[in-house]
Amino acid sequence: MSANVKLYDGMTDLEDHLSRIDGWAELRDQLTSRFSRRKACFKDPTEITKIVRKANETLVAFKERWIVETSFNVGVPEVIKISSFMDAHKCPKLSKRYSDKVPKMVDEMMVRLDDFVRSEEAFANIELPKGEMSEASKKLGGPVSIRENRFHMGG
């Protein structure tokens, strides 16, 4: 988007808004320039091994970023994509789920990731009766979640 043109918010005349753009050719050139540089960064299929989950990145955010970044690499075999993602997500519980039955296709892997995230969210939202601890807490000798900690602290 040109610096002198703001996003169209629907509150003003569309024709007036469009007339402020210097030309569609310029806009096309700007888009092409911006996104072609991004695509040119990925040539070697092994570049996807450099896509790793950041310290405070959620699994869902990492999945979305991984999909976008790997889309710039064409011709990468499924097995390399799967191996790369399984190494890069850095979640031991998810690794255990994948190691029980290694996915054969990226789509299958992503469906299983979505299932894992939903199950973790559902588990996190389970309210335990006051004073009860989860099995994990009993084994560890203390609370494993903020919610359980509130119960122990009288919250």
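The values are calculated or read from the model by the stated rules, or taken from the named source; none is laboratory data. Note that the structure is a prediction, hence the values are computed from the model and not measured. Glycine gets a Cβ as well: all are built from the backbone with ideal geometry, and neighbour counts include every protein chain shown.
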Could you check region 58-85 and list, in sequence order, the residues that are buried (at least 16 other Cβ atoms within 10 Å of the Cβ) and within 23 Å of residue 123 (Cα to Cα)? 59, 62, 63
With of a type in the set (Asp, Glu), part of a loop (DSSP other than H, G, I, E, B) and modelled with pLDDT of 65 or more as the only criterion, which of 64, 57 stands out? 57
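Would you point out the residue of region 16-54, among those that are part of a loop (DSSP other than H, G, I, E, B), modelled with pLDDT of 90 or more and among the charged types (D, E, K, R), that is farthest from residue 86 (Cα to Cα)?
Step by step, filter region 16-54, then rank; the result is 54.
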Need pairs with beta-carbon distance below 6 Å; first residue within 21 Å of residue 61 (Cβ to Cβ) and within region 74-99, second among the basic types (Lys, Arg); sequence gap 6+ or separate chains. 88/53; 89/53; 90/53
Filter pass, residue 104 being part of a loop (DSSP other than H, G, I, E, B) and modelled with pLDDT of 90 or more: yes
